[in-house]
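To start, the structure under review is shown below, and the notes come after it.
Here, each number is a calculation from the coordinates, and none is a lab measurement. Every value quoted in this text rests on a predicted model; they were computed, and no experiment measured them. Cβ coordinates were reconstructed from backbone atoms using ideal geometry, including for glycine residues, and neighbour counts include every protein chain displayed.
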Amino acid sequence: MSVRTLPLLFLNLGGEMLYILDQRLRAQNIPGDKARKDEWTEVDRKRVLNDIVSTMFNRKFMEELFKPQELYSKKALRTVYDRLAHASIMRLNQASMDKLYDLMTMAFKYQVLLCPRPKDVLLVTFNHLDAIKGLIQDSPTILHQVDETFRQLMEVYCGLSAGEFQLIRQTLLIFFQDLHIRVSIFLKDKVQNSNGRFVLPVSGPVPWGTEVPGLIRMFNHKGEEVKKIKFKHGGNYVTATKEGSFELYGDRVLKLGTNMYSLNRPVDTQTSGASKNSTSRAQENIAPNPLAKEELNFLARLMGGMEIKNPSGPEPGFRLNLFTTDDEEEQAALTKPEELDNKVINIQAMQDQQRSEELARILGELEVTDQPRWSTSKGDDLLAMMDEL
Amino acid sequence: MFRREHSIPLRGSAAALCNNLSVLQLPTGNLRHFGVVHGPSAQLLSAAPEDGSLVQRQLQAKEGAGVSPTLITQVHWCVLPFRVLLVLTSHRGIQMFESDGSIMVYWHALDTGDAPPGTWSGRVLVFDIPAKGPNIMLSEELAGHQTSITDIATEPVQGGDCMADVVTADDSGLLCVWRSGPEFTLVTRIPGFGVPCPSVKLWQGIVAAGYGNGQVRLYEAMKGTLHVQISAHARTICALDLAPELLSAAEDTFVHIWKLSRSPESGSIEVEHCHGECVSNTQLCGARFCDPSGSSFAVTGYDLAEILRFSSV
């Protein structure tokens with residue numbers, strides 16, 4: 001499969017993560033002068049986003065990311081986002097982090113599936129980056145980092161052929177295979193059905209470079225057109241009017257990858273045992289992972305480039321809840337199906353136990369009895385090393 | 001007119017590859033084998049239409065050194081005059097089995113050398129297959145393509161004028177037409193036009209090719225002249241089959257059946273649309289006729305854990 005998929009996967013999932021965090025932080029926004037010590041303010045929100053974006057677009061990290069390599073497992077990638085989400089004063093407990101990751105993955109799966117042309121996944125990425133620049137526009141240093149990544153994307157991807165983009169698309173779809181989590185904003189907009197599958201429209205503009213279906217043209221041996229007949233295709237397509245821009249600035253035309261959340265359309269997932277329970281997912285968790293060591297090495301290399309700014313001083317971590325109430329969050333953690341017990345490395349737990357007593361209590365309640373297979377002495381050494389990064 | 005028949009359930013969903021359905025029609029009885037790629041494994045099914053009983057078998061890709069599990073790229077039955085082989089391809093190599101998948105008879109590792117994994121050389125490998133047993137040998141490597149091969153089509157040589165019996169297609173949309181023999185000869189090249197050609201078929205001197213922009217094109221095999229151009233689909237074609245009707249399936253959720261004929265006066269190829277079927281909300285990835293007359297066909301779709309079947313009324 002394609003070895004150029006990881007940067008696109010990472011940046012788009014990261015973009016969705018920022019949209020969701022931004023929306024949740026705004027929803028819990030309290031005016032600065034009225035805020036209590038433990039409540040979120042506008043200043044806090046901007047600071048969290050700045051911290052995460054600057055960690056995400058760190059130069060060393062991007063260098064590692066852009067190296068041609070195969071995609072790693074969902075578990076390994078999830079660990080990177082766990083770390084990224086905690087690059088600031090914000091804290092998320094397990095249930096909220098799970099929900100965040102579910103939303104991110106389903107959103108990008110939707111975008112990939114609905115891209116008219118395989119190359120349009122690049123426009124989706126540019127949409128995410130354009131929006132990220134909007135979120136951190138007060139910080140010129142971070143803006144510069146994002147622009148650098150933009151240029152790197154253009155350099156690597158703008159010259160790829162349609163065939164290479166088709167391979168990237170197939171690699172992404174294989175990564176997202178069998179994920180059918182229902183997202184209420186998708187259900188409301190009728191882009192997802194109640195069985196978790198996305199609606200694939202058969203109307204609207206055709207991809208750039210494709211003709212509207214319905215015509216059969218026949219030629220003689222001299223190459224002259226001798227007959228032209230129409231047929232009924234079944235869809236309701238129209239010609240594409242304009243191609244999206246692949247420049248640093250421009251009209252992307254495509255709406256996929258732009259921010260669909262707002263204060264009036266909050267993030268939410270609906271989960272049920274049935275929809276989360278797919279055979280291949282269960283198999284992924286139950287079967288012992290012989291690639292774990294390789295994955296730990298990948299994570300060590302990738303996160304070696306991540307400079308996490310440790311908040312100094314006596315500041316406590318601010319907890320963000322992705323659910324509507326604290327009770328809901330606790331409920332979600334308790335009712336999570338067995339086979340989805342997270343075997344992800346819980347780096348955060350070790351760091352924060354010193355910082356937040358409340359978090360320690362919650363983590364204690366969520367303690368996983370089954371230790372991951374690679375939590376042997378070798379695994380611990382690698383974990384300890386990563387904590388020191 | 002076609003109607004939906006009972007679907008065949010799969011143990012795992014179909015992967016988003018092209019040509020992701022292979023059907024072996026056995027000459028005796030009504031038994032058919034189906035093959036679908038899930039990811040690191042391929043599923044083989046035998047469905048007997050009389051009593052609907054199913055026999056399932058799962059084949060894994062041969063593991064190599066590497067970080068991620070090996071993904072299968074295609075599963076296909078090769079029907080040779082004296083033997084049927086089941087072929088599994090992955091970027092690590094080619095595995096050949098007896099037709100029911102019970103015994104692996106041959107493994108050919110694709111060496112990527114110093115190139116990073118994932119670079120495809122565009123080589124076409126020709127193997128000598130004995131009538132029985134595992135004595136399969138690589139006989140020739142055909143050079144003709146610069147990018148990865150997407151599909152290969154063959155047809156027994158008809159006799160008469162047409163001496164072309166193999167067509168290969170690649171990611172750049174280039175088609176190479178060959179004549180087989182102790183050594184293969186390149187008959188003609190049909191250039192691409194900026195999109196991949198994921199699926200190609202050969203029938204009575206006609207090359208049928210499906211492209212990434214939803215077009216189906218028919219060419220005269222010997223000279224490579226374009227005879228028909230159909231704006232058939234709104235997304236990339238994922239599979240074609242010829243039985244004598246032409247079947248096209250695409251990621252736009254549609255399957256179309258076309259009637260091919262030769263005009264009695266000019267001898268040029270003519271096409272007529274027969275039937276269209278929409279498989280709602282399913283990005284199709286494979287389609288095949290299930291019998292030689294083309295009166296039934298089957299399709300697979302990304303994320304779908306079943307094979308959908310249709311038969312004419």
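Before moving on, here are some points about what is shown:
- DSSP bridge pairs, the stretch A:130-263: antiparallel proportion in percent, nearest 5: 65
- Pairwise Cα distances in the stretch B:143-236 exceed 20 Å for 28 percent of all pairs.
- Shielding by other protein chains, B:209-216, mean Cβ within 10 Å: 4
- Förster radius 56 Å - calculated FRET efficiency between A:GLN137 and B:SER312, Cβ distance, rounded to 0.05: 0.35
- Proximal charge balance of B:ILE149 [Cβ under 9 Å; K/R count +1, D/E count -1]: -2
- Peptide-level mean, for A:170-176, of C-beta atoms on other protein chains within 10 Å: 5
- Between A:LYS255 and A:THR325, the modelled labels are 3.5 nm apart [label points 7 Å from Cα along Cα→Cβ].
- Other protein chain Cβ atoms within 10 Å, averaged over every residue that makes up A:228-241: 4
- The stretch A:1-30 versus the stretch A:58-83: alpha-carbon centroid distance in Å: 14
- Computed over the stretch A:149-230, Cα set: Rg, Dmax in Å: 19.8, 57
- Kirkwood radius and radius of gyration were both taken over the C-alpha atoms of the stretch A:102-165, and their ratio Rg/Rh is 1.03.
- For the stretch B:177-296, radius of gyration divided by Kirkwood radius, i.e. Rg to Rh on alpha-carbons: 0.98
- More than 26 Å apart - percent of Cα-Cα pairs taken over the stretch A:99-240: 45
- Note on the stretch A:47-116: along the principal axes its Cα atoms extend 38, 30, 23 Å, ordered by decreasing extent.
- Charged neighbours of B:LEU21, selected by a Cβ distance under 10 Å, balance to 0 (K, R count +1; D, E count -1).
- Ranking of B:GLU272, A:GLU16 by count of other Cβ atoms within 10 Å, fewest first: B:GLU272, A:GLU16
- Distance between modelled label sites at B:ALA143 and A:ASN236, nm, 7 Å Cα→Cβ extension: 5.4
- Value of Rg to Rh for the stretch A:47-172 (Rh from inverse mean 1/r over Cα pairs, i.e. Kirkwood): 0.95
- Applying 1/(1 + (r/R0)^6) with R0 = 56 Å to the Cβ-Cβ distance of A:LYS74 and B:GLU265 gives a FRET efficiency near 0.40.
- Between the stretch A:209-223 and the stretch B:55-110, the alpha-carbon center distance in angstrom: 38
- Range of Cα positions in chain B per principal axis (Å), largest first: 57, 46, 37
- Inter-probe distance in nm under a simple model that places probes 7 Å from Cα toward Cβ, at B:VAL55 and B:LEU80: 2.2
- Violating pairs (Cα-Cα greater than 27 angstrom) within the set A:LYS46/A:LYS119; A:LYS46/A:LYS67; A:LYS188/A:LYS232; A:LYS60/A:LYS242; A:LYS60/A:LYS255; A:LYS133/A:LYS242: A:LYS46/A:LYS119; A:LYS46/A:LYS67; A:LYS188/A:LYS232; A:LYS60/A:LYS242; A:LYS60/A:LYS255
- Qualifying GluC sites (Glu not before Pro) in the stretch A:179-261, where qualification requires a DSSP coil assignment and no more than 13 other C-beta atoms within 10 Å, comprise A:GLU224, A:GLU247.
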